[in-house]
Amino acid sequence: MSDRRRPSKRPAGPSVKEVKAEVMAIYADLEKRPLSRNCTGIAQCCHFRLTGKTPVLTKGEAVVAAVGVRASGRTKLRPHPDGACPLLGDDGRCTIYEHRPFGCRTHFCAAAGGVQPRREIIDLIRRLEVIDEKLGGDGSKPLEGAVAAVMD
């Protein structure tokens, strides 16, 4: 009898591609809603130190944001000395705009329509929470730490 142990087969979690598809489907569902939103990319809401607001991300959102960071040619986030979002480029625009988190799409920018009432998007938030649970996440985390954690 051999004393060799076989590695236990744990079920693999969803792939990055699967997570991205699920999260992007939620973002697409948000876009289909008749909500009063008009992001013009002026990035005022991205100056967290000035606004006092930082988006929080579920693990699935962080994975999608990390995909965007890598697609922009970076391997890690670089903090802005003025406290702005680390995803802003030197031109002051979001470097991951198509991959931006749910909070950036719904909550932060007065110029884009202000805070989206939670009751109008709670079903989408719950879907993001289900993905978070599937990935072993433990709830939403501030943007910079959430993205950095999945990039490591």
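For (1) in contact (Cβ under 8 Å) with a residue 12 or more places away in the chain; (2) in contact with a Gly (Cβ under 9 Å, 6 or more places away or on another chain); (3) over 22 Å from S15 (Cβ atoms), each residue gets a yes or a no:
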site: H47; (1), (2), (3): yes, yes, yes
site: V69; (1), (2), (3): yes, no, no
site: A84; (1), (2), (3): yes, yes, yes
site: C94; (1), (2), (3): yes, yes, yes
site: C104; (1), (2), (3): yes, no, yes
site: I122; (1), (2), (3): no, no, yes
site: L128; (1), (2), (3): yes, yes, no
site: E133; (1), (2), (3): no, no, no
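Looking at K76, K59, K53, just one residue is open to solvent by 10 Å² or more (accessible area, probe 1.4 Å) and within 10 Å of the chain's Cα centre (by Cα), and that residue is K59. Candidates in the range 96-111 are the residues that are open to solvent by less than 50 Å² (accessible area, probe 1.4 Å) and closer than 11 Å to A43 by Cα; of these, the one that is modelled with the highest pLDDT is C104.
Within the range 116-131, is even one residue under 11 Å from the mean Cα position of the chain (by Cα) and either surrounded by 20 or more Cβ atoms within 10 Å (Cβ to Cβ) or basic (K, R) (or both)? Full working, then the answer.
Of the range 116-131, the ones under 11 Å from the mean Cα position of the chain (by Cα) are 128.
Checking which are either surrounded by 20 or more Cβ atoms within 10 Å (Cβ to Cβ) or basic (K, R) (or both) leaves us with 128.
Yes, the range 116-131 contains a residue that is under 11 Å from the mean Cα position of the chain (by Cα) and either surrounded by 20 or more Cβ atoms within 10 Å (Cβ to Cβ) or basic (K, R) (or both).
Residues in the range 112-132 that are at pLDDT below 95 and charged (D, E, K, R): R118, R119, E120.
In the range 14-29, the condition of being within 23 Å of A149 (Cβ to Cβ), in a loop (DSSP other than H, G, I, E, B) and of a type outside the set (A, V, I, L, M) is met by at least one residue. Whether a residue is surrounded by fewer than 21 Cβ atoms within 10 Å (Cβ to Cβ) and more than 18 Å from K17 (Cα to Cα) was assessed, and K134 does not pass this test.
The values are calculated or read from the model by the stated rules, or taken from the named source; none is laboratory data. Note that the structure is predicted; figures quoted are calculated from it, not measured. With ideal geometry, Cβ positions are generated from the backbone for all residues, glycine too; neighbour counts draw on all protein chains shown. The accessibility values were calculated without ligands, DNA or RNA, using every heavy atom of the protein model including side chains. Shrake-Rupley method; radii C 1.70, N 1.55, O 1.52, S 1.80 Å.
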